[in-house]
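Q: I have a structure here, written as structure tokens, and I will follow up with some questions on it.
The values are calculated or read from the model by the stated rules, or taken from the named source; none is laboratory data. Bear in mind that the values here come from a model prediction, so they are computed numbers and not experimental data. Counting neighbours? That spans all protein chains shown, and the Cβs are built from the backbone with ideal geometry, glycine included.
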Amino acid sequence: MKRFISITNSFVTIALSVVTLQVNYVWAETAHEMEQMQTSLATEGLRNPHAYSNGFTLTDGPFSPPTPLRLTLADEHSFWAVLGDRLEYQNSSSEDAIVYDLQAWYGTTYDRLVIKTEGDIVESSLEESSTDLLWAHALNSNFDAQVGFRLDQYKDGKNRKWLAFGSQGLAPYWFEVDVTGYIGDKGRTALTAEAEYELFLTQRLIMQPRAELSLYGKSDPENNIGSGLSDISLGVRFRYEFSRQFAPYIGVEAERAYGGTADYRSVSGDGRSQTLLTAGLRFWF
């Protein structure tokens, strides 16, 4: 009797499984037919996207691209910029001067050609200038490595040529930093470092402290440059941005020579230190 009940339960279980499978199959077929019907109804009112192309396609027709289409990513585009960080008039007790500090570059996000130039114009004549021609490669999101050449020109001295290598970028706490080392002929070496910081007093009025120093490996009497720490400049400028690309400014800057450079300046009649009042224009495009 127990065996008969067990066999009966097994048959009942099998029968229920078969019925369940049949119900699921019928439900799936019904759902599929309903989905097809809904899709057909939804697309009946849409126009054919190719109905008005006259048979032309993206690659065939009078307005098709002359070359195969190629996806260009944002960091593959070449673009350029010009920054006039300082274009100013400097007033001092010894002499007045027009000073410029410009930078331009062309290239991609990762690799670009950079030109830096700065100099002093005194009595409508170029007193001295330095120009760097560099190739820059992005090290990370904040800093570029730079390598190239530099030319120093002097009105009353001897021009110098250098190999240049360094780094420029945005340091922690938003300091703009530019450090470059130089190797010249006859074992000459040099190092320049510059740092700036922008403090927004308002959305348009900005205070910009700035510091710069120069060091030389050996003396250069022809250009009144001594070995070691040569000079330091500390200044602050207040600019008002009528637009982000155009901002006049005023400021004050203190310069001081050290070591052999200070001695050369004393002999030539120039002071070891001076304080400058500045007024100028900062721009970029």
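Q: Is it fair to say Val114 is farther than 18 Å from Ser214 by Cα and either modelled with pLDDT of 95 or more or surrounded by 15 or more Cβ atoms within 10 Å (Cβ to Cβ) (or both)?
A: Considered against the rule, which asks whether it is farther than 18 Å from Ser214 by Cα and either modelled with pLDDT of 95 or more or surrounded by 15 or more Cβ atoms within 10 Å (Cβ to Cβ) (or both), Val114 comes out as yes.
Q: Considering only region 57-103, state which residues are more than 30 Å from Gln274 (Cα to Cα), in contact (Cβ under 8 Å) with a residue 24 or more places away in the chain and not in a loop (DSSP other than H, G, I, E, B).
A: Ala74, Asp75, Glu76, Phe79, Trp80, Ala81, Val82
Q: Same structure again: Can you tell me how many residues within region 62-76 are of a type in the set (Phe, Trp, Tyr) and modelled with pLDDT of 75 or more?
A: The number of residues fulfilling the criteria is 0.
Q: Moving on. Determine the pairs where a residue that is among the aromatic types (Phe, Trp, Tyr), located within region 266-285, has a partner that is in a strand (DSSP E or B) and at pLDDT 90 or above with Cβ atoms under 6 Å apart, the partner being 6 or more residues away or on another chain.
A: Between residues of region 266-285 that are among the aromatic types (Phe, Trp, Tyr) and residues that are in a strand (DSSP E or B) and at pLDDT 90 or above, the close pairs are Phe283/Gly84; Phe283/Phe246; Trp284/Leu83; Phe285/Val82.
Q: In the list Tyr249, Tyr240, which residue meets the criterion of being of a type in the set (Ser, Thr, Tyr), assigned by TED's automatic domain parsing to the domain that holds Asn140, buried (at least 18 other Cβ atoms within 10 Å of the Cβ) and in contact with a Lys or Arg (Cβ under 7 Å, 6 or more places away or on another chain)?
A: Of Tyr249, Tyr240, the one residue that is of a type in the set (Ser, Thr, Tyr), assigned by TED's automatic domain parsing to the domain that holds Asn140, buried (at least 18 other Cβ atoms within 10 Å of the Cβ) and in contact with a Lys or Arg (Cβ under 7 Å, 6 or more places away or on another chain) is Tyr249.
Q: Looking at (1) surrounded by 11 or more Cβ atoms within 10 Å (Cβ to Cβ); (2) among the aromatic types (Phe, Trp, Tyr); (3) more than 32 Å from the chain's Cα centre (by Cα), which one does Phe63 not meet, given that it meets all the others?
A: If we test Phe63 against (1) surrounded by 11 or more Cβ atoms within 10 Å (Cβ to Cβ); (2) among the aromatic types (Phe, Trp, Tyr); (3) more than 32 Å from the chain's Cα centre (by Cα), just (1) comes out false.
Q: Go through (1) closer than 14 Å to Arg86 by Cβ; (2) surrounded by 18 or more Cβ atoms within 10 Å (Cβ to Cβ); (3) out of contact with any Ser or Thr (no Cβ under 8 Å at 6 or more places or on another chain) one by one and return the number of the condition Ser233 breaks.
A: (2)
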